[in-house]
Amino acid sequence: MISFNSLPGNAALKRSLQNALAGRFPQTVLLSGDDSEALSGFADVLAAALLCESAGPRPCGVCLSCRKAEEGIHPDLTVVDEGENELKVDLARRIKAENAIIPNDGPRRVTVIRHAQNLNPAAQNALLKELEEPPAFAFFILTAEQPDALLETVRSRCLKFALEPSAAAVTDGDAAALLAPYLAAVAEHREDRMMRAALALEKTPRRALLGVFGVLQAALRDAVFLANGLPQPPLQPALREQTAALARAVAPARLVGMYDFVGVLCGRVSRNAAAAAVTNALTSDVYRICFL
Ligand SMILES: [Zn+2]
């Protein structure tokens, strides 16, 4: 049965959504968080709540509308999920066209756009007016693992709700131990050893891998400062030796490229990219970024 209780943790967020649902709910909301699965769960429950026919707390889980929403057959609920793919302007036009028609079943129509950070700028611009002045029956729920990737003009039109960060299961020390052989291999231009170290990283649980990548980005930032002759107190002192080697081996602009690429990888991991794809990215893509 679809309900807020079936969702993990986030007690404060549940309370504020339920309070908002009891009043005049905003027509455009942005849910952000690093856990795609939890984000989708919250968006689904919220969509069901907006369509629910109950006079009591929503979603009731038992009315026809709730059941249709749960089964994914509600005619007034559109869920856009293109995974990692770019969301293009034709999608934005389709959404606008759908929302030009009054809803079938009840008084509202809900559009959920998952991974909204993948809306390209043209698509975001095409949706702007729709998000700003939607028809009275139209509700939009955007979910984003990286809300900062959205245009400020889009973000400012949404009421924002954030999920609690998922607990990283590794400490910085563990992450540094995992990363040391990898960074050393990059500094030595050894793609074969990068592969071996990346395979070890691949065994890290998904949620923890984001924490590891956070440490990797901090180490790369240290290397960028060193390479530019601007030594600063390191963010990752445990990787001091490896970042110094990296700063000597890789040109500063390429280190920045690697830093950006790790950010892209975080997005892929949070959208459940296959483990093999992550290993491949840490091996051949990083090698190309650094040396070719
Ligand atoms: Zn209901």
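Cβ-Cβ distances below 6 Å connect the following pairs, each with a first residue in region 18-32 that is more than 13 Å from Leu150 (Cβ to Cβ), a second residue that is assigned to a helix (DSSP H, G or I), and a separation of six or more residues or different chains: Leu21/Ala49. Looking only at region 92-111, decide whether some residue is assigned by TED's automatic domain parsing to the domain that holds Leu31 and within 24 Å of Leu265 (Cα to Cα). There is no residue in region 92-111 that is assigned by TED's automatic domain parsing to the domain that holds Leu31 and within 24 Å of Leu265 (Cα to Cα).
With the requirement that a residue be away from the ligand (no atom under 16 Å from the Cβ), closer than 16 Å to Ala138 by Cα and not basic (Lys, Arg), what does region 58-96 give you?
Selection gives Thr78, Val79, Val80, Ala92, Ile95.
Screening Leu30 with (1) more than 10 Å from the ligand (Cβ to nearest atom); (2) hydrophobic (A, V, I, L, M, F, W, C); (3) farther than 26 Å from Leu128 by Cβ gives one miss only, at (3).
The residue that is nearest to Lys14 (Cα to Cα), among those in region 33-54 that are within 16 Å of the ligand (Cβ to nearest atom) and either without any contact (Cβ under 8 Å) to a residue 24 or more places away in the chain or not in a helix (DSSP H, G or I) (or both), is Cys52. Among the residues of region 8-22, which ones are over 13 Å from Ala162 (Cβ atoms) and of a type in the set (A, V, I, L, M, F, W, C)? Within region 8-22, Ala11, Ala20, Leu21, Ala22 meet the criteria. Condition check for Leu30 on (1) assigned to a helix (DSSP H, G or I); (2) within 15 Å of Leu142 (Cβ to Cβ): one failure, at (1). Ala22 meets the conditions (1) modelled with pLDDT under 95; (2) away from the ligand (no atom under 15 Å from the Cβ); (3) aliphatic (A, V, I, L, M); (4) closer than 16 Å to Phe4 by Cα in every case but one. The failed one is (2).
Being surrounded by fewer than 17 Cβ atoms within 10 Å (Cβ to Cβ) and closer than 23 Å to Pro135 by Cα is a description that does not apply to Ser6.
Of the candidates Asp44, Asp81, the single residue that is surrounded by 21 or more Cβ atoms within 10 Å (Cβ to Cβ), of a type in the set (Asp, Glu) and in contact with a helix residue (DSSP H, G or I) (Cβ under 8 Å, 6 or more places away or on another chain) is Asp44.
Which of the helices (runs of 4 or more DSSP H) contained wholly in region 85-191 include at least 3 residues that are basic (Lys, Arg)?
89-98
In region 231-243, the residues that are crowded, with 16+ Cβ neighbours inside 10 Å form Cβ pairs under 8 Å with partners that are part of a loop (DSSP other than H, G, I, E, B) and not polar (S, T, N, Q), at six or more places apart or across chains, as follows: Thr243/Pro234. Among the conditions (1) modelled with pLDDT of 90 or more; (2) over 14 Å from Phe140 (Cα atoms), the only one that Asp35 does not satisfy is (1).
Of the numbered criteria (1) modelled with pLDDT under 95; (2) within 19 Å of Arg155 (Cα to Cα), the one Ile101 fails is (2). Within region 185-203, the residues that satisfy the criterion of being buried (at least 19 other Cβ atoms within 10 Å of the Cβ) and out of contact with any Lys or Arg (no Cβ under 6 Å at 6 or more places or on another chain) are Val186, Ala187, Met194, Ala197, Ala198, Leu201.
Is it fair to say Ser16 is assigned to a loop (DSSP other than H, G, I, E, B), hydroxyl-bearing (Ser, Thr, Tyr) and over 25 Å from Ala273 (Cβ atoms)?
Answer is no for this residue.
The values are calculated or read from the model by the stated rules, or taken from the named source; none is laboratory data. Treat the numbers as computed from the prediction; the structure is a model and nothing was measured. With ideal geometry, Cβ positions are generated from the backbone for all residues, glycine too; neighbour counts draw on all protein chains shown.
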